[in-house]
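Inspection log for the structure reproduced underneath, given as structure tokens.
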Amino acid sequence: MLAGYLLRPGTVELREVPVPEPAQGEVLVKIKAALTCGTDLKAFLRGHPMIPMPGVFGHEFSGVIAATGKDVRRFRAGDEVMAVHSAPCLTCGYCRKKLYNLCENIMSSKVMGAFAEYILLPPHIVKQNLFHKPGRLGFAEAALLEPLSCVVHGMSGLHIGRRDKALIIGTGPIGLLHLLLVKQKGAEAMIAGRGWERLETAKKLGADRIVQASELKHSLEEFTGGLGADFVFECTGQLEVWEASVNYARRGGTVILFGGVKKDTVATYDTYRLHYDELTLKGTFHFTPRDVKAAYGLLKTPLNLSPLISGKYSLEELPVALDRLSKGDGIKYALIP
Ligand SMILES: [Zn+2]
Ligand SMILES: [Zn+2]
């Protein structure tokens, strides 16, 4: 089979490798669609601590089961499926505390290699995070299960409702997924970004107000009558935005810090705002199986997902898709082997 390898930053190679065979509890999926993600782009541009090189990559996918190992009962060859690429170990200290997203083994036992013709899923993923794809959901849209699970996790426990006003900073795929969920919860949403193309996409996805990042402060004042946003979602992974985010929240508001920043980065905050204005700053990482189930439930509802997928390419065209993304052209591309 053909598999995309990231050799070093900027260099992708398609290699012919043997199709893996599923052992006990494992499932072999023939990929029908794999999506590019911000993490893939980061790895392609400058390397990524979670993506060893040289190695296979790509982690958002859906497909059809090609073969199952012994003792797999819920799935059989021919089933259309969607999955995420990780699952908790259920035995470490964090799993015992039910903090499954923080599982000590979740990153080391994840599966990469969705930019390929087949992917082999280990038993812990098959048991917890593999699902039958609803018939009406396209394969590319079904592959959004992973990023959507991350966004669902960040919003878990927030109680966003009709009277709320949310500010989303960042118009990448993660910012736009936040927008979809905020609108689904009935809140009003303003989204800030650079360039008009993605902001126009945000408009199509239901944003109540779109604004250039440079106009954010003034526009937010108008949008919230000077109070500030009930919820601020940082979806850029830039230090300046992490720091500025607290300025956009109303008193008693919540700031979700979603975008990962380089290790050892230190952000500075105004203690007066945090204390007297009683702000909540919430970090968020990855997802639990419960979040994945919730995201799967959402994907069964009619969500307007197609604007998130900017185009389709064959697997051989993976470098083209990554090149376009690195120029800020498009949101997500689907690779169809
Ligand atoms: Zn992803
Ligand atoms: Zn664990």
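The values are calculated or read from the model by the stated rules, or taken from the named source; none is laboratory data. No experiment lies behind these values; they were computed from the predicted model shown. Because the Cβ atoms are built from the backbone with ideal geometry, glycine has one as well, and the counts that use them run over all protein chains shown.
So residue 237 fits all but one of (1) closer than 27 Å to residue 99 by Cα; (2) small (Gly, Ala, Ser); (3) in contact with a Leu (Cβ under 8 Å, 6 or more places away or on another chain); what number is the exception?
Evaluating residue 237 over (1) closer than 27 Å to residue 99 by Cα; (2) small (Gly, Ala, Ser); (3) in contact with a Leu (Cβ under 8 Å, 6 or more places away or on another chain) leaves (3) as the failure.
Within segment 18-55, work out how many residues are more than 16 Å from ligand 1 (Cβ to nearest atom), under 22 Å from residue 83 (Cβ atoms) and without any contact (Cβ under 8 Å) to a residue 40 or more places away in the chain.
The total comes to 2.
Would you tally the residues in segment 85-108 being more than 9 Å from ligand 2 (Cβ to nearest atom) and within 17 Å of the chain's Cα centre (by Cα)?
The qualifying residues number 5.
When the residues of segment 109-119 are filtered to those that are more than 10 Å from ligand 2 (Cβ to nearest atom) and under 21 Å from the mean Cα position of the chain (by Cα), which remaining residue is surrounded by the fewest Cβ atoms within 10 Å (Cβ to Cβ)?
The residue in question is 110.
Just to be sure, is residue 175 in contact (Cβ under 8 Å) with a residue 40 or more places away in the chain and outside the structural domain of residue 129 (by TED's automatic domain parsing)?
yes
Which residues, counting only those in segment 108-117, are under 21 Å from residue 82 (Cβ atoms) and in a loop (DSSP other than H, G, I, E, B)?
Correct list: 109, 110, 111, 112, 113, 114, 115, 117.
Within segment 153-183, restricting attention to residues that are in contact with a Leu (Cβ under 7 Å, 6 or more places away or on another chain) and under 29 Å from residue 30 (Cβ atoms), which residue is surrounded by the most Cβ atoms within 10 Å (Cβ to Cβ)?
Selected residue: 176.
Among what's in segment 274-300 and is of a type in the set (Ser, Thr, Tyr) and free of Cβ contacts under 8 Å to residues at least 60 places away in the same chain, pick the residue that is nearest to residue 159 (Cα to Cα).
If we take residues in segment 274-300 being of a type in the set (Ser, Thr, Tyr) and free of Cβ contacts under 8 Å to residues at least 60 places away in the same chain, then 280 is nearest to residue 159 (Cα to Cα).
Residues that are in the same structural domain as residue 180 (by TED's automatic domain parsing) and either under 16 Å from the mean Cα position of the chain (by Cα) or within 29 Å of residue 47 (Cβ to Cβ) (or both): does segment 223-233 have at least one?
yes
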